[in-house]
Every structure is written in structure tokens, then in C-alpha cells.
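Taken together, the values in this text are just the output of simple stated rules run on the coordinates, not laboratory data. Treat the numbers as computed from the prediction; the structure is a model and nothing was measured. Cβ: placed from backbone, ideal geometry, glycine included. Neighbour counts: every protein chain shown.
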Protein chains: 2
Amino acid sequence: MSYELFYWPGLQGRGEFVRLALEEAGADYVDVARMPPAGNGAEPDPEGTDSGMAAMMSILQSDTEPHVPFAPPFLRDGATIVPQTANILLYLGPRLGLVPDNEASRYWVHGLQLTIADVVTEAHDTHHPIASSLYYEEQRDPAKERAGDFIANRIPKFMNYFERVLGQNPAGPRHLAGDALTYADLSMFQLIDGLRYAFPRAMKGFAKRYPKLAVLHGAVRERPRIAAYLASPRRVAHNESCIFRHYPELDQPSG
Amino acid sequence: MSYELFYWPGLQGRGEFVRLALEEAGADYVDVARMPPAGNGAEPDPEGTDSGMAAMMSILQSDTEPHVPFAPPFLRDGATIVPQTANILLYLGPRLGLVPDNEASRYWVHGLQLTIADVVTEAHDTHHPIASSLYYEEQRDPAKERAGDFIANRIPKFMNYFERVLGQNPAGPRHLAGDALTYADLSMFQLIDGLRYAFPRAMKGFAKRYPKLAVLHGAVRERPRIAAYLASPRRVAHNESCIFRHYPELDQPSG
């Protein structure tokens, strides 16, 4: 039985952290909102399909489903529904071989993932500091202030931390945890990738300031399954519907 | 061996979600930053002690600890360090008997906890929409806008969702998940309690709009161990160093 991922079509968003794990593992999965009607022979559509969206909305709007998610992404595995990005990765980690096989490490990797999730939320709020219900253009001035603080203070604070985690990993700086790839490494790649798209000026010199993170980012990008995925039509390009948006007026050199 | 909770003293903050679970279970725990120097016979100090703070900072600033947390709260259980509030509750849940004994329910409860954590972050950002490095007074105008949206749109969206979760629980509306108390119920109590403190005008009529959540809030408050805890000096009062801050100018009637 395939894993079923439910997420908004047309953007990478939080769903992308889950996709990268499924793709790296070569897992059998369906990106439900992109699926053509069963049996009509069409290809999945990264922009979404009416039938796929209807399948997702019927769960979100169900008035009987006991485990009804607040929002996408969520995963369905048989009868089990798992909401929230980091929770999905917690669930998939052992099944996909993307966490070490001991309990302490699993909580550690999940803690790292939750800290990555915190950065993702802050990256979103650079363009929506006032209200997600308003357009960016309606909150451009506070967005400039928040993005300025994000670049000056928050990116360095988080990236210094993650660089330190790599440096303090007893198994070496190639991975955030242990001596093999985990879902947190994949998510760190995606975080850096998104920040580079959104804030190219701020991220200039990133590799010099955070050499271990830069090596990690490059190593994930070159993994055969990740490279194949990134080159495939399944990888939607970064765009301004997403968390990581490139608005030149929000970007500025760091430090 | 006691659980060791590490969190900033002098406020409820994110540590409070962990304290409520430990208190409800009657667990043996130490709130490290509040502890007097060993053996001097003094009582724990909710405002923090130099020795307790030093113990916490030595972990946060360690350049050798492999599992170094980004920020408090974190838990230490013997040799295991667990960072991030929701992750700590994930870890403690089965140990304290605060989650059902099946895998699907545990991911469900954790997903609820992560959604509660999202509301907590949004509640924080009502008074700090631009930068956590600036004072509230430096971002009061955008704070008014963000708080207005939080009251008009976000509290209703989240609370309608949680009310619906209670209504769709096959075991009945007394708990968010299953037929017994979980850590998510305790955290929901704390979330509602914090919102009532910060936004008394917005929360007026809460019990009418969200009757099941109001019953849950009252039932948790009256549990014997929770009631004893809330009346004890260990429960620091709500205050304006915390996530939930009462600034009258940010509060307004809902709807």
C-alpha cells in the first residue's frame, strides 16, 4: 500500500520536507492533490487536479473523521492519519531508514526537525508579519522590518546553532545526527535551499560562514535519488506562493 | 532518578506545558533553574537561582555536548537530553501514562500538540510581530494589527478546529483523544488559560462559542493534582515576560 501525502499543489511548502524523505528512500507514495482521476491514464499534475483536491478537502472538512488534521500536510498510511510536517517525518523516519536505531537519537533528530520547523515559520513570517489572511503587498513595510531582523539576527542565530551541532556530532560533521543520513539532514538541505532562493544577497558568503552546513547542503543535493528528484517534474520550482519567497526588497546583505 | 526540566525562571512560558504533565502525573522532577545550591537547605526559587541558571547555561553553551539544545525548555532523563516542548511531551507521554497505548493515537496526540504549539507561537507574535530582539514598545503599532488579526481570525480558526476535534472524538467530547486525559488536554487547558489572561475581552463569550473546550478547561483545572499545583508557589503567575501578555491595547472584543 502506498503512503498518501496530502498537500497543497503548485508549491513546495511544508510538503516538500516530506517529499524529500519519501524520494530519498525510494518509497512508494502518492501525492494525492496532484493525482489524475483513477484510471484515466493521465500523469500527475504538479499544479493539482480537481479530483485530487476534492480527496484532500473531503478529509479536511469531514465531520466524522476522528483524526481530522488542522491543515496540510498530512499523511495517510492505511487507516492511520498523521498530521503536522515534523510528526509525519517522525512517523516515516524508522519506516524509511532515515533515523538511527536507538531511542535517544530519535528524540534528538525530532528535536532538530522541530527547530528547523521554527525557522521555516519565521521565514514565512518575513513576508507575512501581520496576517496570513492579508496579501504581502498589504504588509510590505512591516515585512521589510521583520525580514531585516531575520537576516541580521535570526538566520545567524539558527545557522550558528546548526553549524555547532554538526561540529559537535561525535560521528563527524557530515550529518546532524549519527553517522548516516537522517530526515533532519534532508530538511536542512531544503531550509538552506529555500533561504538561498528567498534571500540570495543575505545568503552570499554562507559557505564561508557556515562551511559544514554548506557541505551538507551540497552532499544532499548530489545524492542520486535527490538529484533525480530535483531534476524531475515532481519538484515544483520555488515560487511566490510558498514559504520561501523572493521579494528583492526584503533581501539585503548579511552583517 | 528525577526528571530534570530546564527552563527560564520567573515565567510560565513553554516550560509550563511540561510542568503540567509532570505535576498531573505526580512525577519526581527538578526544575533546575529554580533550584538552590545542593545541600544548603533552601527552597526552590521560582525567580531562579544563580546555581540553577549556571547549570542550565553550561549545557546550552557546551562545546562538547552532542545533543545541545537550541533553547529551553529541554529535559534531561539520565543521559538523554530531549529538546523542544512538544518533543519533551512526546517522550514523557508514555512514561507518565498521559497517552493511549497504541501507535496511531500517539501520533494523533502529538499532532494536536504541534498544532497547540503553532497557536502558542502566534500568541507570542501578537506582541512581537517584528523582532524578538526588540522591546514590545518598539513594535506596538504592528502588534496592534497582528493582535487584531489573531483575535478576529486565528483564535476562531484554531478554536473551531479544537472544538470540532472534541466533537468528533468517538470516545466523547471530554478529551481531545481517546477516553482518558492526555498531555494534549493539559496543554489545551494552558493555552486557553493563557489566552484568557492575555485577551480577556476577546475571550469573553468563549464558553458559549466553544462549550466543549470550556468544559475541558474547567475539568483540567479541577483535577486534584492540577488544582494543588495551581495553588502552589511552583505556579508562577501570568506576567508580561511570558508568551501570554496582557497589554490592554492589544485586546478587543471578538467578532
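Length gained on full extension, A:M1 to A:T64, computed as 0.36 nm times the residue gap minus the Cα-Cα distance: 20.3 nm. Contact order for the range B:106-255, expressed relative to its length and based on alpha carbon pairs under 8 Å spaced 6+ residues apart, stands at 28 percent. Quick one: Cα centre-to-centre distance for the range B:201-255 and the range B:3-34, in angstrom? Taking the Cα centre of each part, the range B:201-255 and the range B:3-34 sit 18 Å apart. Extension gain for A:E240-A:N102 works out to 45.7 nm (0.36 nm per residue, less the C-alpha to C-alpha distance). Distances, shortest first, from the label point of B:N40 to those at the same position in the other copies read 7.4 nm; the point lies 7 Å along Cα to C-beta.
Using Cβ point charges alone (K and R +1, D and E -1), the dipole size of the range B:114-226 about the Cα centre works out to roughly 560 debye.
Of A:L213, A:P173, A:A198, which is farthest on the positive side of the dipole of the range A:157-238, counting Cα position, with +1 on Lys and Arg Cβ, -1 on Asp and Glu Cβ, and the Cα centre as origin? Towards the positive end, the residue furthest out is A:A198. Placing +1 on each Lys and Arg Cβ and -1 on each Asp and Glu Cβ, with no other charges, gives the range A:5-158 a dipole about its Cα centre of roughly 340 debye. With label points set 7 Å from Cα along Cα→Cβ, the inter-copy distances at B:A180 are 3.5 nm, sorted shortest first. Under the membrane-span-like helix rule (DSSP H runs whose alpha carbons stretch at least 27 Å along the helix axis, mean Kyte-Doolittle hydropathy -1.0 or higher), chain B yields B:103-127. With the charge dipole of the range A:1-157 set up from +1 on Lys and Arg Cβ and -1 on Asp and Glu Cβ about the Cα centre, the Cα lying farthest toward the positive end among the listed residues A:M1, A:F17, A:A104 is that of A:A104. Amide H contacts of B:V30 (H built 1.01 Å from N, in plane; Pro and chain starts excluded): B:Y3, B:E4, B:L5 sit under 5 Å, all sequence-distant by 5 or more or on other chains. Here A:E47 and A:A79 are evaluated by their C-beta separation; at R0 = 35 Å the FRET efficiency comes out at 0.75. Full extension of the segment from B:A214 to B:Q168, taken as 0.36 nm per residue of separation minus the current Cα-Cα distance, would add 14.9 nm.
Around A:F150, under 11 Å between beta carbons, what's the net of Lys plus Arg minus Asp minus Glu among the other residues? Computed value for this residue: -1. At what distance in angstrom do the alpha carbon centres of the range B:122-167 and the range A:73-133 lie from each other? Here the two parts' Cα centres lie 22 Å apart.
Note down the net charge around A:A104, summing +1 for each Lys or Arg and -1 for each Asp or Glu among other residues with Cβ under 12 Å from its Cβ. Residues near A:A104 contribute -1 overall.
So which GluC sites (Glu not before Pro) in the range B:13-85 are both in a DSSP loop and have at most 16 other Cβ atoms within 10 Å of their Cβ? Hits after loop and neighbour filter: B:E47. Electrostatic tally near B:L60: other residues with Cβ closer than 13 Å to its Cβ, Lys and Arg +1, Asp and Glu -1, net +1. Rounded to the nearest 20 debye, the dipole magnitude of the protein assembly as shown is 100 debye, with +1 charges on Lys and Arg beta carbons, -1 on Asp and Glu beta carbons, and the Cα centre as origin. Label-point distances for A:S232 to the equivalent site in the other copies, using a point 7 angstrom along Cα→C-beta, read 5.4 nm when ranked shortest first.
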